[in-house]
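> Dropping the structure in here first, questions after.
The values are calculated or read from the model by the stated rules, or taken from the named source; none is laboratory data. Computed from a predicted model, the values in this text were never measured in an experiment. As a convention, Cβ positions derive from the backbone with ideal geometry for all residues, glycine included, and neighbour counts pool all protein chains shown.
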Amino acid sequence: MPGEKIVMSINASWNIFNFRKDLIGAFQHAGYRVTALAPEDEYSQRLTEWGVDFRPIRIDQKGMSPLRDLRLLRDYRSALRALRPDVFLGYTIKPNIYGSLAAQSLGIPVINNVSGLGTAFLGSGLLTRVASALYRAAFKRSSTVFFQNKDDRALFLQKHLVAPRQARLLPGSGVDLAFFAPSDAPRAAGPFRFLFIGRLLWDKGVREFIDAARLVRRQFPEARFALLGFVDSANRTAVGRAELDSWVGEGLVEYLGASDDVRPHILRADCVVLPSYREGLPRALLEGAAMAKPLIATDVPGCRDVVRQGENGLLCAVRDSNALARAMMQMISMTEAERAHIGRRGRAHVEANFDQRLVSELYLAAIAAALERRR
């Protein structure tokens with residue numbers, strides 16, 4: 001019904017701005033009013049320019065204090081009681097857990113998106129057990145829980161964190177194929193360039209990228225390596241600024257900072273690299289493939305959903321700098337025609353499976369079903 005309200009909650013306004021623009025546009029086109037409930041940052045005002053009603057909420061991203069989390073639950077309940085949305089959409093761990101619990105206590109239908117499991121699921125200790133218990137409680141009454149790869153979905157089903165009727169697969173956040181388009185221009189002369197795109201977190205494989213760069217430059221001293229992404233100081237696994245500066249000072253890597261438009265950097269790159277420990281469905285690889293760039297990634301959930309070994313890129317062992325370096329040297333050793341062929345296959349793979357319009361259609365169907373059940 002036109003005019004119904006959707007509240008979307010994520011742990012950062014920049015996340016909404018960079019990854020949910022097309023989805024918000026689809027909601028608005030369908031007649032829904034969209035409210036963003038997220039911590040305030042420099043992107044918050046830009047959301048209002050899209051016609052989004054922005055409401056701030058404080059989320060301690062790296063803290064694990066039960067007292068602070070209880071306050072967050074209280075804050076979510078207070079905000080949602082005032083906003084009275086028709087549907088709550090949760091993303092990232094704390095909005096998914098505490099936002100969902102608050103919404104369900106008020107009788108608001110909930111749709112979740114598990115975009116990646118992060119640090120909490122990379123081990124098997126107390127943190128993982130606590131996170132599992134919280135997810136189980138939060139998702140118990142959710143209308144739909146979207147997963148971005150089949151491995152995450154299978155894990156949540158195996159641990160009985162969701163019911164089979166709830167768990168749906170989603171092609172990530174999708175990619176705008178018109179915006180991220182290949183260039184017809186021939187490769188510019190110059191050294192071979194590897195590009196890492198993502199938040200500078202150890203879990204993203206930054207250490208392995210740096211160590212592999214040292215190994216590769218022993219045989220290919222002209223090769224260049226670049227990091228594109230912001231230093232996420234709020235995250236417990238963030239790379240320190242001092243360490244980043246030391247790599248730059250050593251001449252080992254170029255730091256490109258953060259960017260709202262990654263396309264110029266992808267165009268300059270010969271290969272996009274993501275040695276992450278685990279992903280939902282990595283946007284960096286989707287955008288690189290959409291622009292017909294060869295890819296290198298670790299053989300882990302999420303990454304292997306985008307990269308097909310030998311077809312549109314190369315996969316290597318996780319947490320293994322030597323394996324990553326071998327893949328990089330293999331990529332350098334290919335002919336330009338071979339790399340162009342790999343890039344075209346990557347573009348075709350994204351066109352067939354990861355168009356952002358597929359994401360919008362699945363969300364709109366899930367929202368319609370949730371509203372119908374509520375009525």
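> Find all pairs meeting these conditions: Cβ atoms under 9 angstrom apart; at least six residues apart or on different chains; first residue within region 81-104 and free of Cβ contacts under 8 Å to residues at least 24 places away in the same chain; second residue of a type outside the set (V, I, T) and not in a helix (DSSP H, G or I).
A82/R55
> Next up: Would you please name the residue that is farthest from I367 (Cα to Cα), looking only at residues in region 23-43 that are surrounded by 18 or more Cβ atoms within 10 Å (Cβ to Cβ) and under 19 Å from the mean Cα position of the chain (by Cα)?
Y43
> Further, regarding this structure: Identify, please: which residue in region 331-363 is under 23 Å from F194 (Cα atoms) and touching a strand residue (DSSP E or B) at 6+ places or on another chain (Cβ under 8 Å) and is, among those, surrounded by the fewest Cβ atoms within 10 Å (Cβ to Cβ)?
This residue is R339.
> So which of Y98, Y91 is hydroxyl-bearing (S, T, Y), buried (at least 20 other Cβ atoms within 10 Å of the Cβ), touching a helix residue (DSSP H, G or I) at 6+ places or on another chain (Cβ under 7 Å) and modelled with pLDDT of 95 or more? Give the derivation first.
Numbers: Y91 fails: touching a helix residue (DSSP H, G or I) at 6+ places or on another chain (Cβ under 7 Å).
One residue alone meets the criteria, Y98.
> Could you check region 1-89 for strands (runs of 3 or more DSSP E) lying wholly inside it with 1 or more residues that are over 17 Å from V110 (Cα atoms)?
In region 1-89, 53-56 are the strands (runs of 3 or more DSSP E) which contain 1 or more residues that are over 17 Å from V110 (Cα atoms).
> Within region 219-271, which residues are aromatic (F, W, Y) and modelled with pLDDT under 95? Spell out the reasoning first.
Initial filter on region 219-271 (aromatic (F, W, Y)): 220, 225, 230, 247, 255.
Within region 219-271, F230 is the sole residue that qualifies.
> I'd like the full set of residues that are touching a residue at least 40 places away in the same chain (Cβ under 8 Å) and out of contact with any strand residue (DSSP E or B) (no Cβ under 9 Å at 6 or more places or on another chain), limited to region 212-229.
L215, Q219, F220
> Same structure, new question: Looking at (1) of a type in the set (D, E); (2) in contact with a Ser or Thr (Cβ under 7 Å, 6 or more places away or on another chain); (3) assigned to a loop (DSSP other than H, G, I, E, B), find the lone condition where D184 falls short.
Evaluating D184 over (1) of a type in the set (D, E); (2) in contact with a Ser or Thr (Cβ under 7 Å, 6 or more places away or on another chain); (3) assigned to a loop (DSSP other than H, G, I, E, B) leaves (2) as the failure.
> State which residue pairs qualify: first residue closer than 18 Å to R304 by Cβ and at pLDDT below 95 and inside region 347-360, second residue hydrophobic (A, V, I, L, M, F, W, C) and crowded, with 19+ Cβ neighbours inside 10 Å in any location, beta carbons under 8 Å apart, and separation of 6 or more residues or different chains.
Correct list of pairs: empty, since none qualify.
> Taking region 48-62 only, how many residues are surrounded by fewer than 19 Cβ atoms within 10 Å (Cβ to Cβ) and touching a helix residue (DSSP H, G or I) at 6+ places or on another chain (Cβ under 8 Å)? Before the answer, list the steps.
Residues of region 48-62 surrounded by fewer than 19 Cβ atoms within 10 Å (Cβ to Cβ): 48-51, 53, 55-56, 58, 60-62.
With touching a helix residue (DSSP H, G or I) at 6+ places or on another chain (Cβ under 8 Å) added as a condition, the list becomes 50-51, 55-56, 58, 60-61.
Here the count works out to 7.
> Can you give me the ranges of the helices (runs of 4 or more DSSP H) entirely in region 93-162 with at least 2 residues that are of a type in the set (G, A, S)?
100-105, 126-139
> Could I ask something else about it? For region 207-217, does any single residue satisfy the condition of being of a type outside the set (K, R) and part of a loop (DSSP other than H, G, I, E, B)?
Within region 207-217, not a single residue is of a type outside the set (K, R) and part of a loop (DSSP other than H, G, I, E, B).
> Evaluate region 243-257: report whether one residue or more is closer than 25 Å to D176 by Cβ, in a helix (DSSP H, G or I) and touching a residue at least 24 places away in the same chain (Cβ under 8 Å).
Checking region 243-257: not a single residue is closer than 25 Å to D176 by Cβ, in a helix (DSSP H, G or I) and touching a residue at least 24 places away in the same chain (Cβ under 8 Å).
> Still on this model: Could you tell me how many of the residues in region 6-47 are in contact with a helix residue (DSSP H, G or I) (Cβ under 7 Å, 6 or more places away or on another chain) and of a type in the set (D, E, K, R)?
4
> Only one residue in L106, L127 is of a type in the set (A, V, I, L, M) and more than 19 Å from F156 (Cβ to Cβ). Which one?
L106
> On the given criteria, is I108 crowded, with 21+ Cβ neighbours inside 10 Å and either among the basic types (K, R) or more than 26 Å from A365 (Cβ to Cβ) (or both)?
The answer is no for I108.
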